[in-house]
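The values are calculated or read from the model by the stated rules, or taken from the named source; none is laboratory data. In this text, all values refer to a predicted model and were calculated from it rather than measured experimentally. Methodologically, a virtual Cβ is constructed for each residue, glycine included, from the backbone with ideal geometry; neighbour enumeration extends over all protein chains shown.
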Amino acid sequence: MSAAISPVRRWMIRLVLLMLLAGAVVIGWKVWANGWRPDRSEWPMQGVAIGPENAPVSWPSLASQGANFAYIDATDGTGRANSAFTREQAAARASGFRVGAIHHFGLCTLASQQADGFVRLVPRDRDALPTAIILDLDEACPRKPTRALLLTELSTFLNQLETHMGKAAIIAPDRAFESEYSVSEAINRPLWLRSNRAEPATEGPDWIIWQANDTLKVAGSTGPTRWLVLNEGRHVAGDAGEGE
């Protein structure tokens, strides 16, 4: 007869099995999350946001994956510019993409300086998608501005950028930024909604771009890629007079 398994050994076996099961669940969730895209029958216009971290980029491969428009990181509030922006923009257009630029707004840099950096890199282009302004709380900024100052600076930046581009921009606050500054209540611009793997509520804010998955693994882009949806119910061309 085989020896009986002691209570301690039985407990250890159960613990190992539970750990293996938990690991399998985590891996399964990551695989699902990294591959999730919205239903194309419901959301036919889908695209990507690309930054330096996604290089090298194959635009034909992204097109074959169903992306038909693109946003490319251009500048940020620290004064950094994406040296590959002009090359990637041209390559995307050569593959049939309509392209827009992204600026990551900084809380500790004057709006006029940020606008100057953007204008130097991104030319005015009537065929471009509206510029997207990413709004995050900047942990590197030791003294965050008051709401009044932030809204003043952001308005200054938008006025200069929109004069240059000839069309209204899109603002993209994350939840923490919106909670801190309630920017969408004060700045009347189309919204870039950031809601991972959660479809926008019908009674929610009016949006033009939905960032549906910021960890997508997709052929044609290196690493996690931001996958976007265009709200076809909204006009995307815009002009500098909108939202004033």
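Residues that are out of contact with any Phe, Trp or Tyr (no Cβ under 8 Å at 6 or more places or on another chain) and not β-branched (Val, Ile, Thr) within region 211-221 comprise LYS217, ALA219, SER221, listed in sequence order. In region 71-85 there is no residue that is at pLDDT 95 or above, closer than 26 Å to GLU232 by Cα, surrounded by fewer than 18 Cβ atoms within 10 Å (Cβ to Cβ) and assigned by TED's automatic domain parsing to the domain that holds VAL218.
Selection of strands (runs of 3 or more DSSP E) fully inside region 36-107 by the criterion of at least 2 residues being within 15 Å of ASP127 (Cα to Cα) returns 69-76, 98-104. Within region 108-126, no residue that is within 10 Å of THR75 (Cα to Cα) sits with its Cβ atom under 8 Å from a residue that is assigned to a helix (DSSP H, G or I) and modelled with pLDDT under 95 at 6+ positions apart or across chains. In region 187-244, the qualifying residues are those that are more than 18 Å from the chain's Cα centre (by Cα) and surrounded by 15 or more Cβ atoms within 10 Å (Cβ to Cβ), and the one that is modelled with the highest pLDDT is ILE187.
The set of residues from region 200-231 being in contact (Cβ under 8 Å) with a residue 60 or more places away in the chain and farther than 30 Å from PHE157 by Cα comprises LEU216, LYS217, VAL218, ALA219, GLY220, SER221, THR222, GLY223.
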